[in-house]
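K.L.:
Here you go, one structure.
Just so it is clear, none of the values below were taken in a lab; they were calculated from the coordinates. Just so it is clear, the model here is predicted, and its values are computed rather than measured. Positions of Cβ are backbone-derived with ideal geometry, glycine not excepted, and every protein chain shown enters the neighbour counts.
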Amino acid sequence: MSKELGDFQTPPALVTAVIESLNSTGKKWSRVLEPACGRGNFIKALLNLPIPPREIHAIELQSNYVKIAEKIAAEYSSTRVLIQQRKLFDLDLSRDLQWRETGSLLVVGNPPWVTNSQLGIEGSTNLPKKTNLKNFRGIDALTGSSNFDIAEYIWLKLIRELAFEEPTIALLCKTTVARKVLQFAYDNDLPITSASIRIIDTKKWFGAAVSACLFSVEIGSGKPHYEAAVYQNLYTTEPESTISIAGGQLVADLKAYNRLAFVDGVCPLTWRQGIKHDAASVMELAYDKLGCLHNKLGETIIVEPEYTYPLLKSTDLFHQLSVITEKAVIVTQKHLGENTYQLQQVAPKLWSYLTAHFDTFDRRKSSIYRGKPPFSMFGIGEYSFAPYKVGISGLHKTPKFRAIGPVNCRPVMLDDTCYFIPCYSPEQAAFLTTILSHPICLDFIYSQLFSDAKRPITKKLLQRLNLKEVYDRIEFKSLLSQANIEFERLTTITSKQKAIWPSSLEELLER
């Protein structure tokens with residue numbers, strides 16, 4: 001594999017399985033386009049069909065692959081095969097492909113499995129012209145939402161530039177790419193009339209630990225249809241689920257979603273993301289048995305204690321590790337953009353420690369830190385210092401909501417892989433945790449959740465939880481019973497106190 005080009009050559013046996021899967025639909029294609037043909041394994045499989053396509057166009061950047069593919073094509077005379085050594089991104093596919101034949105068109109292959117950012121880091125020129133492809137604005141573009149897979153760009157280019165041909169497009173790609181393409185197609189009214197996802201065993205075929213599939217779409221002038229049947233492999237005839245658009249967003253299981261659609265709405269409270277600093281070796285600390293703080297570099301740290309806070313990360317939250325945490329984090333600001341130069345006077349020990357590690361902060365790659373005060377953080381605000389929180393890991397595929405209370409009278413901080421609702425009483429935290437942990441709420445989340453996603457649970461998903469609809473369907477006595485358990489767990493850390501429960505959800509939210 002060429003790391004620079006995101007090059008996973010498709011094994012011949014997998015190519016054969018893909019072609020067989022496509023042929024099983026009964027549809028035949030007189031023309032084929034392969035947008036990244038590599039060594040020509042797809043070309044060979046197509047030419048070996050009992051009735052091969054009459055014309056094949058292929059595009060490949062690497063000259064050594066072009067020579068191999070051309071040698072394969074030369075062994076056959078019944079099909080016109082034209083291989084161009086070009087960057088796909090430089091072509092206008094509606095104009096630059098000179099077809100002699102007419103008839104149905106299949107686009108098939110295995111485009112690069114790499115992001116534009118990865119190629120940029122490698123110094124590759126195999127990139128599309130820089131553009132804000134999805135029209136991200138502000139912080140989303142700065143923090144990485146504008147990063148995308150090259151295969152995703154290729155998909156959108158193929159759909160847009162070949163729509164007039166009404167092709168079938170069937171490419172091997174990451175399942176995350178397939179879902180993003182489907183969502184983007186919906187958001188931009190691209191003419192997809194049907195789609196399917198067939199999972200492949202990437203460990204077997206590529207030695208890769210990533211979820212991937214054969215994603216097939218039909219492009220046509222009929223009514224757009226933005227859903228895809230999901231099959232366990234290339235051969236099964238019955239889908240295990242259907243992903244589809246509901247409420248403007250892609251859902252993982254349409255059947256389950258339809259059963260719980262009443263939960264889909266607007267959360268009455270704002271979900272927050274934990275603090276982001278991108279300097280864990282300096283900012284994240286741990287206590288030793290003697291109560292001394294050490295950073296990840298092994299250094300003993302002595303700073304003003306009012307700038308260190310207990311810390312929980314995704315794994316801690318998911319496994320409900322003790323809130324008397326051994327981890328701590330330095331917090332340099334109370335609100336976004338606060339001037340940190342004041343630390344020179346009010347916290348000289350901390351300032352000295354941070355400036356001694358200035359290079360660590362200077363190496364932070366994200367553009368969100370440019371032009372900001374030194375040692376700036378994000379995901380920081382008044383909400384960060386709420387004494388209680390309801391938190392959840394964004395990285396785990398099983399949703400588990402946790403009520404979090406203060407440690408030694410200090411609010412617990414969460415890192416940026418977590419989401420939370422700030423709370424101002426143990427009753428509020430316990431009550432909300434109980435509602436969110438109810439099977440109605442959890443099952444709705446599962447209907448939305450894609451377990452192979454890098455971050456299965458997102459703020460966008462959490463912000464759609466209509467807690468009033470969930471609350472109205474829970475028997476109040478049962479709710480209070482479970483809330484009491486959460487309350488007792490929170491208050492035994494500090495002091496025993498009697499809970500004063502709200503009489504309604506509205507009263508709870510006012511606290």
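K.L.:
Dipole magnitude of region 12-251 about its Cα centre, charges +1 at Lys/Arg Cβ and -1 at Asp/Glu Cβ only, in debye to the nearest 20?
P.N.:
Magnitude of the dipole: close to 360 debye.
K.L.:
Provide the percentage of antiparallel DSSP beta bridges, counting only those with both residues in the chain; round to the nearest 5.
P.N.:
The antiparallel fraction comes to roughly 70 percent.
K.L.:
Ordered by packing density, taken as the mean number of other Cβ atoms within 10 Å over each peptide's residues, highest first, how do 69-76, 256-263, 326-333, 170-177 rank?
P.N.:
170-177, 326-333, 256-263, 69-76
K.L.:
How much length would be gained if the chain were fully extended between residue 341 and residue 51, taking 0.36 nm per residue of separation minus their Cα-Cα distance, in nm to one decimal?
P.N.:
That works out to 97.0 nm of additional length.
K.L.:
Would you mind working out the magnitude of the charge dipole of the chain relative to its Cα centre, with +1 at each Lys and Arg C-beta and -1 at each Asp and Glu C-beta, to the nearest 20 Debye?
P.N.:
380
K.L.:
Skipping prolines and chain starts, which residues have an amide H placed within reach, meaning under 5 Å, of the one on residue 407, given they are 5 or more residues away or on another chain?
P.N.:
412
K.L.:
Read through the labelled values [x] 45, 23, 20; [y] 50, 29, 18; [z] 49, 26, 22 and report the label of the one computed as semi-axes √(5λ) of the Cα gyration tensor in Å from the structure.
P.N.:
Label of the calculated value: [y].
K.L.:
Just going by the charge dipole of the chain, with Lys and Arg at +1 and Asp and Glu at -1 on Cβ, which of 206, 36, 72 is farthest out on the positive end?
P.N.:
72
K.L.:
With θ taken as phi - 60° and the coefficients 6.51, -1.76 and 1.60, list the Karplus ³J(HN,Hα) couplings across region 43-48 in order, rounded to whole Hz; mark glycine and proline as x.
P.N.:
4, 4, 5, 5, 6, 8
K.L.:
Relative contact order of the chain, please, whole-number percent, based on alpha carbon pairs below 8 angstrom and at least 6 residues apart.
P.N.:
11
K.L.:
Would you mind working out the magnitude of the charge dipole of region 272-510 relative to its Cα centre, with +1 at each Lys and Arg C-beta and -1 at each Asp and Glu C-beta, to the nearest 20 Debye?
P.N.:
With only Lys, Arg, Asp and Glu charged at Cβ, the dipole is about 480 debye.
K.L.:
Out of 83, 406, 215, whose Cα points farthest toward the positive end of the dipole of the chain (charges: +1 Lys, Arg; -1 Asp, Glu; placed on Cβ)?
P.N.:
Towards the positive end, the residue furthest out is 83.
K.L.:
Apply the a/c threshold of 1.5 to the C-alpha gyration tensor of region 267-378 and tell me whether it is rounded, prolate or oblate.
P.N.:
Note, shape of region 267-378 comes out oblate.
K.L.:
Got a sec? How would 243, 435, 440 order by Cβ neighbour count within 10 Å, fewest to most?
P.N.:
The order, fewest Cβ neighbours first, is 440, 435, 243.
K.L.:
Fewest to most neighbouring Cβ within 10 Å: what's the order for 434, 355, 360?
P.N.:
Result, fewest neighbours first: 355, 360, 434.
K.L.:
With a ≥ b ≥ c the root eigenvalues of the C-alpha gyration tensor of region 272-510, is it rounded (a/c under 1.5), prolate (a/b larger than b/c) or oblate?
P.N.:
prolate
K.L.:
Still on this structure, please answer the following. For residue 276, list long-range residues whose amide hydrogen, built 1.01 Å from N in the peptide plane, is under 5 Å from its own amide hydrogen.
P.N.:
For residue 276, whose amide H was placed from the backbone, the distant partners under 5 Å are 378, 379.
K.L.:
If you take all C-alpha pairs in region 12-251, what percent of them are over 25 Å apart?
P.N.:
41
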